[in-house]
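Enquirer: Right, I'll just put the structure down here and ask away after.
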Amino acid sequence: MKTFYSPSHRDHSPPHEFEMGRLAPAVEIPERAERVRMEVEARKLGPVLAPSPFPDAAILRVHDRGLFKTLCGAHDDWTKRYGADAPAAIPSCWPARGLRERREGDIESRLGTYCFDTATPIVKGTWAAARKAADIALSGADAIANGARAAFALARPPGHHASGDVYGGYCYLNNVAIAAQWFVDRGLKPAILDVDYHHGNGTQTIFYRRRDVLFVSIHADPSFAYPHFLGFADEAGEGDGEGFNLNLPLTAGTGWDGYSQALDKARSRIEAFGADVMLVSLGLDTFEYDPISQLRLKTEDYLRMGECLARLDKPVLFVFEGGYNVEHLGTITANVLEGFSGA
Ligand SMILES: [Zn+2]
């Protein structure tokens, strides 16, 4: 299996995020992707390759131009306003009910307009890393379109919380959605399966009114887990997309038994959809020792997850998302890939 990776993600290294009313050390850190790359290499799962450059147009198929421009210039605009030594750019005011949305305003208003939380700081290297992560996902998609059975986009920063015109949740550009749209534009029918601990609200929103891309997400119930405002079981799609969105929220403490039942439901739905290709938003924060997880998957369960995905007998593009137990992250990520490849 080819893995696509670029060292440019290391320059996206915010020292902190803002949560529970205080600056907290960042958990979405460069070491995450480095641990995974090293494990892929150590286990000889396949070559680790640099991504090819893809045009901005491929990203603008799913992202709003205003979001794109804001992300691209945010660090410059922020440091022009607050100085070169300013802390990372994080919004502090949002256009909630009763306020005006200002898509062309100053940097403070645009951060509020285009970002939905305080966990997604922008530093000098953020845009270059996010842009490269999209190239990584597209390079993986290109490998699949050229006949590969599977590819792994080791993209960082992650993407599944970013919608067409709002970033957040450590995500700036939605890598998996950009790759899915790329498949659609080549006449293919993609299904996205999101196995991150958190609901893929951005991906859901992008495809919510469409039937050409199926979105299925298995995640911790948003009644107690981030992103809190989306990911409930009754969200089934709208308009043309009705019936093409499936959320399978899980209760706290769910282990492999409950998880594998949800995975079977997801597989049945993807089979019925008749997908040509599957994209897996591969988040590993379902792990029992993940610092922000209330699910209980064990190291060996990730091998079974990979085997289970292989039984769909479709080409699969794995796109890296969350997972914050840095010590075990390489092992459990590689377990999914190895379980898939060996099955
Ligand atoms: Zn997550």
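Enquirer: Can you count the Lys pairs in the chain whose Cα atoms are under 23 Å apart, with each pair 8 or more apart or on different chains?
Expert: 15
Enquirer: Step by step: find N for the range 124-180, compute 2.2 N^0.38 Å, then divide the Cα radius of gyration by it. What's the final number?
Expert: Ratio of Rg to 2.2 N^0.38 Å for the range 124-180: 1.12.
Enquirer: Excluding Glu321 itself, what net charge comes from residues whose Cβ is under 14 Å from its Cβ, given Lys and Arg +1 and Asp and Glu -1?
Expert: The answer is -3.
Enquirer: Shifting gears a bit: Pulled fully out, how much extra length does the chain show between Asp85 and Glu300, if you take 0.36 nm times their separation in residues and subtract their Cα-Cα distance?
Expert: Values: separation 215, 0.36 × 215 = 77.40 nm, distance 4.50 nm.
That works out to 72.9 nm of additional length.
Enquirer: Next up: With every protein chain present, what is the per residue accessible area of the range 215-343 (1.4 Å probe, Å²)?
Expert: Heavy-atom accessible area per residue stands at 37 Å².
Enquirer: What accessible area per residue comes out for the range 93-137, rounded to a whole number of Å², with a 1.4 Å probe?
Expert: Details: 2200 Å² over 45 residues.
Computed with neighbouring chains in place, this is 49 Å² per residue.
Enquirer: Given 20 °C and 1.002 mPa s, how large is the Stokes-Einstein diffusion coefficient of the range 165-232 in µm²/s, with Rh as the Kirkwood radius over Cα pairs? All intermediate terms of the calculation are to be shown ahead of the outcome.
Expert: Numbers: Rh = 12.5 Å.
Rounded to a whole number, D works out at 171 µm²/s.
Enquirer: While we're on this one: If you roll a 1.4 Å probe over the range 300-343 with all protein chains in place, what percent of the accessible area is carbon or sulfur?
Expert: Roughly 40 percent, rounded to a whole number.
Enquirer: Separate question: Does the range 55-134 come out rounded, prolate or oblate by the C-alpha gyration tensor, with a ≥ b ≥ c the root eigenvalues, rounded set by a/c under 1.5 and, if not, prolate when a/b is larger than b/c and oblate if not?
Expert: oblate
Enquirer: Return the inverse of the average 1/r over all pairs of distinct C-alpha atoms in the range 97-209, which is the Kirkwood hydrodynamic radius, in Å to one decimal.
Expert: Values: mean 1/r = 0.0663 Å⁻¹.
This gives a value of 15.1 Å.
Enquirer: Quick check: from the Cα gyration tensor, does the chain come out rounded (a/c under 1.5), prolate or oblate?
Expert: rounded
Enquirer: Can you give the three extents of the C-alpha atoms in the range 211-265 along their principal axes, from longest to shortest, in whole Å?
Expert: 35, 25, 14
Enquirer: So if I average 1/r over every pair of distinct C-alpha atoms in the range 20-96 and take the inverse, what Kirkwood radius in Å does that give?
Expert: It works out to 16.8 Å.
Enquirer: Heavy atoms only, probe 1.4 Å: what % of the accessible area of the range 151-250 goes to carbon and sulfur, would you let me know?
Expert: Carbon and sulfur together cover 52 percent of it.
Enquirer: Are there chymotrypsin sites (Phe, Trp or Tyr not before Pro) in the range 185-291 that DSSP marks as loop and that have at most 16 other Cβ atoms within 10 Å, and which are they?
Expert: Answer by residue number: Phe224, Phe229, Phe232, Tyr289.
Enquirer: Also: Say R0 is 45 Å: what FRET efficiency, to the nearest 0.05, do Ser341 and Phe232 get from their beta-carbon distance? Intermediate results must be reported in sequence, preceding the final value.
Expert: Values: r = 34 Å, r/R0 = 0.76.
The calculated FRET efficiency here is 0.85.
Enquirer: Here is a follow-up. Considering only protein heavy atoms and a probe of 1.4 Å, how much of the accessible area of the range 45-95 is carbon and sulfur, as a whole percent?
Expert: The computed percentage sits at 55.
Enquirer: Quick one: length gained pulling Arg186 to Arg65 fully straight, 0.36 nm per residue minus the C-alpha distance?
Expert: Residue separation times 0.36 nm, minus the Cα-Cα distance, leaves 41.3 nm.
Enquirer: Let me ask something additional. Treating the range 21-179 as a set of equal point scatterers at the Cα positions, no solvent, please give the Debye-formula log₁₀ I(q)/I(0) at q = 0.09, 0.15, 0.20 Å⁻¹.
Expert: The Cα Debye sum returns log10 ratios of -0.33, -0.84, -1.30.
Enquirer: Under a point spin-label approximation (7 Å from Cα along Cα-to-Cβ), what is the Ser52-Asp240 distance to one decimal in nm?
Expert: 2.8 nm
Enquirer: Okay, moving on. Calculate, in nm to one decimal, what Asp313 and Asp264 gain on full extension: separation in residues at 0.36 nm each, minus their alpha carbon distance.
Expert: Contour length minus Cα-Cα distance gives 16.2 nm.
Enquirer: Quick check on the range 193-343: take the gyration tensor over C-alpha atoms, sort the square-rooted eigenvalues as a ≥ b ≥ c, and tell me if it's rounded (a/c under 1.5), prolate or oblate. Write down the numbers at each step before the final one.
Expert: Working: a/c = 1.86, a/b = 1.23, b/c = 1.52.
Cα axes put the range 193-343 in the oblate bin.
The values are calculated or read from the model by the stated rules, or taken from the named source; none is laboratory data. Everything numeric in this text was worked out from a predicted model, so none of it was measured. Glycine gets a Cβ as well: all are built from the backbone with ideal geometry, and neighbour counts include every protein chain shown. Note: areas computed on protein heavy atoms with side chains; ligands, DNA, RNA excluded. Shrake-Rupley method; radii C 1.70, N 1.55, O 1.52, S 1.80 Å.
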